[in-house]
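The values are calculated or read from the model by the stated rules, or taken from the named source; none is laboratory data. Nothing here was measured: the structure is a model prediction, and the numbers come from that model. Cβ placement follows ideal geometry from the backbone for every residue including glycine, while neighbour counts extend to all protein chains displayed. Ligands, DNA and RNA are stripped out before the accessible areas are found, and what is left, the full protein with its side chains, is counted by its heavy atoms. Shrake-Rupley method; radii C 1.70, N 1.55, O 1.52, S 1.80 Å.
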Amino acid sequence: MRGNPDAVIVGSGPNGLAAAVTLSAAGLKVLVIEGAAEIGGGCRTQELTLPGFRHDVCSAAHPLAVASSFFQRFDLAARGVTFSRPQVEFANPLDGGRAAIVTRSVAETAARLGGDGRSYQRLLGPMARHVDDICAELLQPLRRLPAHPLVMAGYGSRGILPASTLIRRWRTPEARAIMGGAAAHSMLPLTAVPTGGIGLMLIVLAHGVGWPVITGGSARITDAMADAVITAGGTIETGRWVRSLSELPSGAAILLDVSPRSLAELSGDQLSGRYRAALGRFRYNPGVCKVDFALSGPVPWANQDCRRAGTLHLGGTFEEMAVAEAEVVAGKHPENPYVLITQPGVADPSRAPAGQQTLWAYTHVPAGSDVDVTDKIEAQIERFAPGFRDLVLARAVRTAADEEAHNPNYVGGDIAVGMQTMWQTVFRPTVQWNPYRTPIRGVYLCSSATPPVPGVHGRCGELAALTALRDTFGVREVPDIGPARLRPAAVAR
Ligand SMILES: Cc1cc2nc3c(=O)[nH]c(=O)nc-3n(C[C@H](O)[C@H](O)[C@H](O)COP(=O)(O)OP(=O)(O)OC[C@H]3O[C@@H](n4cnc5c(N)ncnc54)[C@H](O)[C@@H]3O)c2cc1C
């Protein structure tokens, strides 16, 4: 890069790159420094097992990317990124070949829920119709009055409840499992607030925007963002871990796509004792152990509709999943774990050689665990898909400790970078009006440890960049990040 950068972003995850895109669109000279050998952080795709099998290393299902106003304005489609849509958004197999099946249609989903169908439709129908309003509210810091008070009152009055309370309206194992499987993404006990809200949000997204995978792999998203930054004259340096803020060019605004723990480490004694103590009180989730499989064919789910699902939640009934998640929080590795699966091949055949499949699976484990729980994950898949093990050609395993070793943001293997308790949803990472500012002038936090929520939506990075633009550069307008302003690179991948 010629001359000093105006802004340095440490970390090239979707939030770091969203910050870089926003600042580049404002005409600033941007330098992104990434510690790993390749860009993308939690949004990458690699041949983890065998040649020709392209696995999403971290994020795989992308409802939040569809719903994100950042990605809508960035215009992923114009940049060659396409969503592959499964016929079934997600499914929860149950014993005996039964399953809860969630499709885009609330009515179709409700029709499979017997006596709970009408109640499901009454709860989810209005929310799914207002998905845009709900996402607009939830994909920004929850610190101002909602622009859609009626819609949010409907969502919030239910979402404030624990999942275990919300499901009391339902009797069928299928309806209850839908909520359990979605709420357990939170990594909180299902008796905790706001697990009902997290479960509801994910179900509303399934009906409202779908849970697609990315054609060719999740890395297409972060590659498109990096292309836009480079085309605008920015520089991205990989393979350089930043250990201290003092290594960075002076005079530039600094945006850190890092965990609160790393923020404290990088800042040395520049942080006030009070802020440092507040960062130290930030609470992390349990970790995950992830296994990627190369398979010789599609998973033989006993329930035929599960064979069309992009994502599956394994664990059985609501009660079984609740026990498993409580055990993890209590520091145990459950015998009968909750397992998240994506099978991108049902929507995107490009992920594996003809007729073969990739399978993405993870389960929650105690923070920092170095235990490989492949056996338990496989046993849970085998329970609902007898014969699965015969299809396995190769596996790649990452324990929770490995997750942190690959990406220091995932403290103890916590892929959400901080619990979504009610408190840490509103005050993330500390109690302050603008969560992106740090006490160090010109230094901002832009990772998923800031509002709104974890996931691939880019809003944490964008909102941090808008704060930096206002504070440091006196720019108040939101820059145009669309393809007319930030040209896509030649879109031929
Ligand atoms: C196994 C797994 C499954 C997931 N599934 C989904 C999913 O299906 N859908 C979804 O929406 N989300 C999913 N997520 C979450 C999603 O990946 C994250 O919320 C998202 O990537 C957060 O983006 P970020 O930019 O804040 O941080 P990250 O993506 O974690 O990026 C941070 C980057 O900063 C770099 N970095 C950190 N410290 C330094 C340093 N000191 N110097 C230099 N570089 C540094 C890291 O190497 C990394 O590249 C998943 C995550 C994991 C791990």
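For the stretch 467-483, give me the residue count where each residue is aliphatic (A, V, I, L, M) and open to solvent by 30 Å² or more (accessible area, probe 1.4 Å).
Matching residues across the stretch 467-483 total 2.
Give the residues of the stretch 403-436 that are hydrophobic (A, V, I, L, M, F, W, C), more than 12 Å from the ligand (Cβ to nearest atom) and open to solvent by 40 Å² or more (accessible area, probe 1.4 Å), sorted by residue number.
Correct list: M422, W423, V426, F427, V431, W433.
Taking the condition open to solvent by 20 Å² or more (accessible area, probe 1.4 Å), closer than 24 Å to L50 by Cα and free of Cβ contacts under 8 Å to residues at least 60 places away in the same chain, does G387 pass?
no
Is it the case that S24 is more than 12 Å from the ligand (Cβ to nearest atom) and within 20 Å of Q140 (Cα to Cα)?
Considered against the rule, which asks whether it is more than 12 Å from the ligand (Cβ to nearest atom) and within 20 Å of Q140 (Cα to Cα), S24 comes out as no.
With respect to A396, is the statement that it is at pLDDT 95 or above, surrounded by fewer than 19 Cβ atoms within 10 Å (Cβ to Cβ) and aliphatic (A, V, I, L, M) true?
For A396, the condition - at pLDDT 95 or above, surrounded by fewer than 19 Cβ atoms within 10 Å (Cβ to Cβ) and aliphatic (A, V, I, L, M) - is met.
Pick from R240, R220, R283: which is modelled with pLDDT of 95 or more, in contact with a Leu (Cβ under 9 Å, 6 or more places away or on another chain) and among the basic types (K, R)?
R220
Considering (1) open to solvent by 20 Å² or more (accessible area, probe 1.4 Å); (2) more than 30 Å from A100 (Cβ to Cβ); (3) not acidic (D, E), say which one T317 fails and leave the rest.
(2)
Considering only residues that are β-branched (V, I, T) and within 12 Å of the ligand (Cβ to nearest atom), look in the stretch 50-104 and name the one that is least open to solvent (accessible area, probe 1.4 Å).
V57
Would you mention how many residues in the stretch 440-490 are of a type in the set (K, R), free of Cβ contacts under 8 Å to residues at least 12 places away in the same chain and part of a loop (DSSP other than H, G, I, E, B)?
Summing the residues that are of a type in the set (K, R), free of Cβ contacts under 8 Å to residues at least 12 places away in the same chain and part of a loop (DSSP other than H, G, I, E, B) in the stretch 440-490 gives 2.
Scan the stretch 246-281 residue by residue and report those that are open to solvent by less than 40 Å² (accessible area, probe 1.4 Å), within 11 Å of the ligand (Cβ to nearest atom) and under 27 Å from the mean Cα position of the chain (by Cα).
L255, L256, D257, V258, S259, S262, L263, L266
Taking interchain pairs and intrachain pairs at least six residues apart, which have beta carbon atoms under 7 angstrom, with the first residue in the stretch 33-54 and over 12 Å from W241 (Cα atoms) and the second of a type in the set (G, A, S) and more than 13 Å from the ligand (Cβ to nearest atom)?
Close Cβ pairs (under 7 Å, with a partner that is of a type in the set (G, A, S) and more than 13 Å from the ligand (Cβ to nearest atom)) amount to T49/A294; T49/A394; L50/A294; L50/A394; G52/A352; F53/A294; F53/A352.
If I filter the stretch 353-370 for residues that are more than 14 Å from the ligand (Cβ to nearest atom), under 20 Å from W301 (Cβ atoms), open to solvent by 10 Å² or more (accessible area, probe 1.4 Å) and under 23 Å from the mean Cα position of the chain (by Cα), do I get at least one hit?
Yes, some residue in the stretch 353-370 is more than 14 Å from the ligand (Cβ to nearest atom), under 20 Å from W301 (Cβ atoms), open to solvent by 10 Å² or more (accessible area, probe 1.4 Å) and under 23 Å from the mean Cα position of the chain (by Cα).
Search the stretch 309-335 for residues being in contact with an Asp or Glu (Cβ under 8 Å, 6 or more places away or on another chain) and within 16 Å of the ligand (Cβ to nearest atom), and hand back the single one that is nearest to T374 (Cα to Cα).
Across the stretch 309-335, the extreme among qualifying residues is T311.
Only one residue in A37, A110, A26 is open to solvent by 50 Å² or more (accessible area, probe 1.4 Å), out of contact with any Cys (no Cβ under 9 Å at 6 or more places or on another chain) and among the aliphatic types (A, V, I, L, M), so which one is that?
A37
How about the stretch 135-249: which helices (runs of 4 or more DSSP H) wholly inside it have at least 2 residues that are out of contact with any strand residue (DSSP E or B) (no Cβ under 8 Å at 6 or more places or on another chain) and more than 24 Å from T311 (Cβ to Cβ)?
Once the helices (runs of 4 or more DSSP H) in the stretch 135-249 are filtered for at least 2 residues that are out of contact with any strand residue (DSSP E or B) (no Cβ under 8 Å at 6 or more places or on another chain) and more than 24 Å from T311 (Cβ to Cβ), what remains is 149-159, 219-231.
Could you go through the stretch 147-155 and let me know if any residue there is touching a residue at least 60 places away in the same chain (Cβ under 8 Å), under 29 Å from E320 (Cα atoms), in contact with a helix residue (DSSP H, G or I) (Cβ under 7 Å, 6 or more places away or on another chain) and crowded, with 22+ Cβ neighbours inside 10 Å.
No, there is no match, as no residue in the stretch 147-155 is touching a residue at least 60 places away in the same chain (Cβ under 8 Å), under 29 Å from E320 (Cα atoms), in contact with a helix residue (DSSP H, G or I) (Cβ under 7 Å, 6 or more places away or on another chain) and crowded, with 22+ Cβ neighbours inside 10 Å.
Any chance you could count how many residues in the stretch 392-407 are in a helix (DSSP H, G or I) and under 18 Å from E47 (Cα atoms)?
If we filter the stretch 392-407 for residues that are in a helix (DSSP H, G or I), which is where we start, we get 400-406.
If we keep only those that are under 18 Å from E47 (Cα atoms) as well, we get 402-403, 406.
Counting residues in the stretch 392-407 that are in a helix (DSSP H, G or I) and under 18 Å from E47 (Cα atoms) gives 3.
So which residues in the stretch 320-343 are open to solvent by 10 Å² or more (accessible area, probe 1.4 Å), outside any loop (DSSP other than H, G, I, E, B) and out of contact with any Pro (no Cβ under 7 Å at 6 or more places or on another chain)?
Selection gives E320, A322, V323.
Scan the stretch 6-20 for residues that are of a type outside the set (A, V, I, L, M, F, W, C), within 15 Å of the ligand (Cβ to nearest atom) and over 13 Å from V258 (Cα atoms) and report the count.
Count: 0.
Take the residues of the stretch 437-470 that are charged (D, E, K, R) and over 14 Å from the mean Cα position of the chain (by Cα): which is nearest to the ligand (Cβ to nearest atom)? Before the answer, list the steps.
Narrowing the stretch 437-470 to residues charged (D, E, K, R): 437, 441, 459, 462, 470.
Okay, now just the ones that are also over 14 Å from the mean Cα position of the chain (by Cα), so 437, 441, 462, 470.
On the way: R437: 17, R441: 20, E462: 11, R470: 21 Å.
My answer is E462.
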